[in-house]
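Just below is one structure, and these are the notes that go with it.
The values are calculated or read from the model by the stated rules, or taken from the named source; none is laboratory data. Keep in mind it's a predicted model, so treat the numbers as computed, not measured. Neighbour counts run over all protein chains shown; Cβ positions are idealised from the backbone, glycine included. The area values use the complete protein model at the heavy-atom level, side chains included, leaving out ligands, DNA and RNA. Shrake-Rupley method; radii C 1.70, N 1.55, O 1.52, S 1.80 Å.
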Amino acid sequence: MPTTSNSTELVGFALLYLIYFCGGDADLWTTLIILDDLLEILEEVDSMADPFDAALDLLRRLPPSSTQQNLTGIISLRPDLEEDLLSSVDVALTARRCPTSGRDYLCCDYNRDGNSYRSPWSNAFEPPIEPEDAAELVPGGRVRRMEESLNAGVDVYRELYYEGGVSSAYLWALDEGFAGVVLFKKTASGAGKGGWDSIHVLEVNEAATKRSAHYKLTSTVILDLGLSSSSIDNLDLAGNLTRQTQSDLSLGGFREAEVEQGHVVNIGRMVEDMETRMRNLLQEVYFGKAKDVVGDLRSIQPLSEAERDKAAHREVISKMGR
């Protein structure tokens, strides 16, 4: 077992998390998971440079449905890791209402400054921040024009595909080109709960001629489903999926307004294609595999009939082998 000072810090960090966050009310399953993580952290300690790696490793192994709660607990123990963790860990999005426009918008690390969030509708932070900080963080010019057009586009997309929910898009300038994020959130309630959060982070590098651009898109879908009834008790299914794609696309027109519109169209098309691909992947691969596993575990046919079928099958095989 490792005896380095690094391992001592990591184990102490995880034990503090177990005691502070779970307290004496931790259920057996949560306790076993965290204890198992302690063993794995000890085994992998040589590959970890600092507590930030340990925090990410711990979050990766804890239940995905409790990521936000676990993240809050870790930050309360190690406030110095707050900025790094918030920018590295994907959690379910939260919505706020813009006091200026009266429309809802989504909050994430990309439109955050401390405890303030920028609304894409008013382009202002709520609560307000210092004017000097706002001058650096609030986009203007062509970036703001593209952001407004992109928000209008994703709002139509959200209504057509999600039939509700909330969407937001944020852009900011880079030294070469610009970057942004497109967000969607849809929740459902009733007999069961359901939540879909998709985060599409993009980076755009324009060619010198502005006739084409290179787009890099990283998309993450966070899915949280639950059902509670007297017949099945509690059922929870949660997880996230991340995919990345890159593409070189042309920009039509010569005027600045036509180039800006070309960027909005290209971003919208890439986001739509990626969402369709990830939805199909979740439905066909993950849900399909889960259905197969449950089908194999649960036998609709009576056990007596299943045993007779197996016996008949063994008899046929034995006769064929003679």
* Looking at region 208-242, which trypsin sites (Lys or Arg not before Pro) are in a loop (DSSP not H, G, I, E or B) and have at most 15 other Cβ atoms within 10 Å? -> 210, 211
* Asked: Setting aside same-chain residues fewer than 8 positions from residue 319, which aspartates and glutamates have a Cα under 16 Å from its Cα?
  -> 309
* To do: Determine how large the accessible area of residue 316 is when every protein chain is in place; take a 1.4 Å probe and give Å² rounded to the nearest 10.
  => 80
* Per-pair calculated FRET efficiency, R0 = 41 Å: residue 285 and residue 97 via Cβ, rounded to 0.05 -> 0.65
* **Length released on extending from residue 228 to residue 188, taking residue separation times 0.36 nm less the Cα-Cα span** => 13.0 nm
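When Lys and Arg each count +1 and Asp and Glu each count -1, what net charge do the other residues less than 13 Å away from residue 184, Cβ to Cβ, add up to?
With Lys, Arg at +1 and Asp, Glu at -1, the neighbours total -3.
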* Give me the accessible area of residue 214, 1.4 Å probe, in Å² rounded to the nearest 10. => 60
* **Distant-in-sequence amide H partners of residue 94 (H built 1.01 Å from N, under 5 Å)** => 107
* Asked: So what are the ³J(HN,Hα) numbers for region 200-206, from phi and the Karplus equation (6.51, -1.76, 1.60; θ = phi - 60°), rounded to whole Hz, Gly and Pro as x?
  -> 10, 9, 10, 9, 10, 10, 7
* **Point-to-point label distance, residue 220-residue 72, nm (Cα→Cβ direction, 7 Å offset)** => 1.8
* Asked: FRET efficiency for residue 83 and residue 124, Cβ-Cβ distance as r, R0 = 25 Å, nearest 0.05?
  -> 0.65
* What is the distance in Å between the Cα centres of region 127-200 and region 72-124? -> 12
* Structure fact -> Nearest-0.05 FRET efficiency for residue 272 and residue 294 at R0 = 35 Å, using Cβ-Cβ distance, is 0.65
* Given the pairs 193/310; 216/291; 185/210; 186/289; 185/289; 186/291, which are separated by over 29 angstrom at their Cα positions? -> 193/310; 216/291; 185/210
* Asked: Can you pull the accessible area of residue 87 for me, 1.4 Å probe, Å² to the nearest 10?
  -> 70
* Considering only the other residues whose Cβ falls under 9 Å of the Cβ of residue 164, what net charge follows from Lys and Arg at +1 and Asp and Glu at -1? -> 0
* Structure fact -> Residues whose built amide H sits under 5 Å from the amide H of residue 178, excluding neighbours closer than 5 in sequence, are 204, 206
